[in-house]
1. Could you state the accessible area per residue of the range 133-273 in Å², with a 1.4 Å probe and every protein chain left in place?
2. On the accessible surface of the range 166-273, probed at 1.4 Å, how many percent belong to carbon and sulfur atoms?
3. Once you've got the Cα coordinates, tell me which of Lys221/Lys260; Lys140/Lys221; Lys96/Lys118; Lys130/Lys155; Lys235/Lys260 are over 29 Å apart.
Amino acid sequence: MLAFPRRTGFPSARFYFTLILMLTFGALLLVASRVLAAQDKMSNMPGMDQKNADPNRTCDDMGMSVNSMSVMGQSMAAMTNHMCITPMRPEQPGDKEKVEAMLAQIRAAIDKYKDYKKALADGYVVGNPKVEQPQYHFTKDAYVHLADTQFDPTKPTSLLYYHTANQRYRLEGVMFTDSTSANLDELNQRIPLSIARWHEHTNFCAAPANKVYEYHGENPKFGMFGSIHTAEACKAEGGTFFPVIFSWMIHVFPYETDLKDVFSMNDDVPHVH
């Protein structure tokens, strides 16, 4: 299994979470809602062009193919050209036990946050609260910074909520992050890759000021749902290209009973039953 070295001087997770605020993420979420209404177009989506991926990174080719998009919800699958997913590893002795113990820690730590006001009181901040979303991220800046160097199941980077008819925010899970420079072995030490897949958002072209409207529409050109996914094409449009945007991340739904659902990549459906 190939592993990429931890690089020094590479922007941290904090940088990317700050950057998204600069790139009008609310607009990108609106694009996602348009994608959900256009599921019939999914069969025509190309796979990720591995030529343009960072050669020091390892992404699962099958994870990026249309044939395996069933592991994702439409919002994630719509980012076909902008996703890196870790390959699965053979299960090792103790992997499931490690994960089960971790899930128990997570549940114990976040149960109080079923009252979202307690999350706010503890320093979690909801992202884009005025934008209707299939999933809301409440992120704690201190834990974003902590996650770059260590893994603590009781201190998730983000809490994940969804909107029900009776509740504005209902807790369903958490998100953990790791530094963009983390290698596969380091990710595996946090949560075994035999059971879960970490992912990164890649090939992001930020629109120039005079083209921000092109984040929108059925066929967006810029952003995480955009048709532009190479540095050359981005430069030609006057954009700013980021090979990787955000840190490594993984969503965990600890109230699910099946491990496949605990680590589901379908964020468009609720994960509390």
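The values are calculated or read from the model by the stated rules, or taken from the named source; none is laboratory data. Since the model is a prediction, treat every value here as computed from it, not as a measurement. SASA here: full protein model, heavy atoms, side chains in, ligands and nucleic acids out. Shrake-Rupley method; radii C 1.70, N 1.55, O 1.52, S 1.80 Å.
1. Values: 5300 Å² over 141 residues.
Here the residues of the range 133-273 average 38 Å² of exposed surface.
2. Carbon-and-sulfur percentage of accessible area, whole number: 48.
3. Lys221/Lys260; Lys140/Lys221; Lys96/Lys118; Lys235/Lys260
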